[in-house]
Amino acid sequence: MGHHRIERIQSQLERILGEIFIKEGPAFGIGLVSINGIVVSQDLSYAKVLISFIREPNQQAAFDKLVRHANEIQTLLYKRLLIRKVPKLSWQLDLDPNESLRIEKILDDIRNDQKPDSGIQGHGA
């Protein structure tokens, strides 16, 4: 299978899983999920998804909740990913604290940018 096709499918998986977590995550009892990486096998049979949870003190408990809903997530993926062979997902908890802290900082920056304007316009000179 071509390298560009694998990359395109990885990108589609990341986008669709992100949408699933945003829409269905609360129903599954999981908070904000960060998809830190996706690796798809050459034959598209399998995909390993590296995830972490933002602002979740007990990462393992959140991961266990996600794994309990893995079949539902896979079914939602089958319905949304429009390719003949949808990879079977396997999940891996990514405990790299730097990635989680970086994402939390980005979220804080976005929230701060959305606060009511203090009268100062623009950035810079």
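The numbers here are math on the coordinates, done by the rules we state, and not lab data. Everything numeric in this text was worked out from a predicted model, so none of it was measured. Virtual Cβ from ideal backbone geometry, glycine too; neighbours counted across all protein chains shown.
With respect to the cross-link table entries LYS48/LYS88; LYS23/LYS88; LYS23/LYS79; LYS65/LYS85, which display a Cα-Cα separation exceeding 19 Å?
Where the Cα-Cα span goes over 19 Å, the pairs concerned are LYS23/LYS88; LYS65/LYS85.
What do you get when you divide the Cα radius of gyration of the stretch 3-101 by 2.2 N^0.38 Å, with N the number of residues?
In units of the globular-protein estimate, the stretch 3-101 measures up at 1.04.
Please figure out what share of the DSSP beta bridges in the stretch 3-101 is antiparallel and state it in percent, rounded to the nearest 5.
Restricted to the stretch 3-101, the bridges split so that about 55 percent are antiparallel.
Going by how many other Cβ atoms sit within 10 Å of their own, how do PHE21, PHE28, PHE53 line up, fewest first?
PHE28, PHE21, PHE53
From the phi angles alone, apply the Karplus equation (6.51, -1.76, 1.60; θ = phi - 60°) to the stretch 32-42 and give each ³J(HN,Hα) in whole Hz, x where the residue is Gly or Pro.
6, 10, 9, 8, 8, x, 9, 10, 9, 5, 4
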